[in-house]
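**Q** The structure that follows is given in the form of structure tokens.
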Amino acid sequence: MRNDSWTNQKSEKYFFCYSEKLSYFLIEIKGLKFITEAIREKDGKKFVLFERSRRVVEALDEYDELKQNGSPRWEQLRAMKNNS
């Protein structure tokens, strides 16, 4: 497990995901369970809350690797789901 931004975030116990693509990757492709979906009161932005675990951090690292060639397109993510 890398010691990067995923593991050094403010909340050690939880991961707040504000990216629709990333939450799709975590839930639909990696099959991770989340605690809740909610709206941040101060700006109305939707987020999905995950308990930070080794599986979540490994999936975040995998997503980072995908992003090295640019942000994954929706078509790529859907194709990954269909192949899993």
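The values are calculated or read from the model by the stated rules, or taken from the named source; none is laboratory data. None of the values given here were measured: they were computed from a predicted structure. Glycine gets a Cβ as well: all are built from the backbone with ideal geometry, and neighbour counts include every protein chain shown.
**Q** Filter the range 12-44 down to residues that are outside any loop (DSSP other than H, G, I, E, B) and either under 24 Å from Met80 (Cα atoms) or of a type in the set (S, T, N, Q) (or both), then give me how many there are.
**A** 15
**Q** Which of the residues that make up the range 57-84 are hydrophobic (A, V, I, L, M, F, W, C), at pLDDT 90 or above and in contact with a helix residue (DSSP H, G or I) (Cβ under 7 Å, 6 or more places away or on another chain)?
**A** Scanning the range 57-84 gives a single hit, Ala59.
**Q** Could you tell me whether Lys42 is among the basic types (Lys, Arg) and more than 11 Å from Phe16 (Cα to Cα)?
**A** When the stated conditions are applied, Lys42 passes them.
**Q** Looking at the range 45-71, I want the residues that are in a loop (DSSP other than H, G, I, E, B) and have a partner that is among the acidic types (Asp, Glu) with Cβ atoms under 9 Å, at least 6 apart or on another chain. Which pairs are those?
**A** Close Cβ pairs (under 9 Å, with a partner that is among the acidic types (Asp, Glu)) amount to Arg52/Glu12.
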